[in-house]
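These notes concern the structure reproduced below.
Just so it is clear, none of the values below were taken in a lab; they were calculated from the coordinates. If you're wondering where the values come from, they're calculated on a predicted model, not measured in any experiment. Note that each Cβ is placed from the backbone with ideal geometry, even for glycine, and that neighbours are counted across all protein chains shown.
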Amino acid sequence: MYYFLFLVVVLTPVSASGFFRAKTCLTASEHLERLSANARSNTVECLDDTVGKALYWKTNILTYKLHSRGLSRFPGEEGRLRVIDEIRRSFEPWMGTDCGSVRFQFDGLTTSFGHKKNRINWIGFYDEEVWPYSTQVVAVTTLTTLTGDNAIIDADIEINSRDNVIGFDGAASDYDLRNLLTHEIGHFIGLDHSGVFDATMELQTDPGQIKKRDLDPDDVAGLCEIFPADFVSVQDDGCCSTLPAKKHGTGWVLFAFLAIIAIRRRV
Ligand SMILES: [Zn+2]
C-alpha cells in the first residue's frame, strides 16, 4: 500500500504552480501531496468522507484595522504612522498584479482582540501581553468562518513582537515587518503555505529576510485564482436571513492558525 502511494506521488505532478488554497479540511491524499511538496499545513484532516472546501471571501474589497497599542519600538503618533505606512506597503504587492482584483483599505484603529463575532479584520503586535502561541512562531493569521461554511468572515494577523525584534529596514537582527506581513496577507486572502521555496507563501523565515516582500509568480497564481479579474462579489447582509446558525450549528469556527515560523540561528 505504501509503495503504491509513493509511486502515485512520484508519477503525479504535485501541483501545476505550487500554491495551495486554505481549505476546510484536507483529505489524506492532499496531506501527502503537500508533504511531498515540502509545504506544511495547519489545516486538519477531513473526518469521514467529508470533502474539503477552499476558503473564500464573498467580496474583493477588504478592510483592516491596526490595534491601537501599536508597536512599542516605534512609539508615539510618529511611530504609529510609520507602522501604518509599512502595513499599507505590505498590502500593495497583492493589489499590484495584472490578473488579480482584490483591494484593501485601512479602516483606522481598534481596541478589539476578538477573532470572530466582530468581523473586524485587525493587525496587532504583542509587545507586553503573553504570546499565546509557540515562541518559534513570529506571526499568526486566524481565519474565521461560520460553522459548516467556507466563506471567510474575519481575518486577524498577530505579530510576536514580544520574543522578536520587528524592524522596517531589513536589518540582519530584525524580523522585517513587510516580509512578515506580506506572507500573512496571503493567508488573509485564503492561501495556505506553498511548496515553492522562493514563494512568499513558503512558511519559514529568518531575521534579515526580505524576499517575501515581493510576490513570486506562484503567489500571484494563487491570488488570481481566489480573486480573478472578473471576480463578482456575493452580497452578504451579515445578518439574520443568511446566517445558517440553526441549520449548521451554533458557532463560529476559528478556522486555521496559519503561521510563519522563525528558524532561529544560534551564533
Ligand atoms: Zn504562514
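Per-structure values
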| read-out | value |
| --- | --- |
| For region 159-208 and region 50-97, distance of Cα centres in Å | 13 Å |
| Neighbourhood charge, 14 Å Cβ-Cβ cut-off, centred on Thr50 and excluding it, Lys, Arg +1 and Asp, Glu -1 | -3 |
| Zone of Cys99's modelled label, taken as backbone nitrogen in region 188-225 under 14 Å from a point 7 Å along Cα→Cβ | 216-225 |
| Net length gained if the chain between Ala54 and Asn38 were fully extended (0.36 nm per residue, minus Cα distance) | 3.8 nm |
| Over region 147-207, relative contact order from alpha-carbon pairs under 8 Å, at least 6 apart, % | 25 percent |
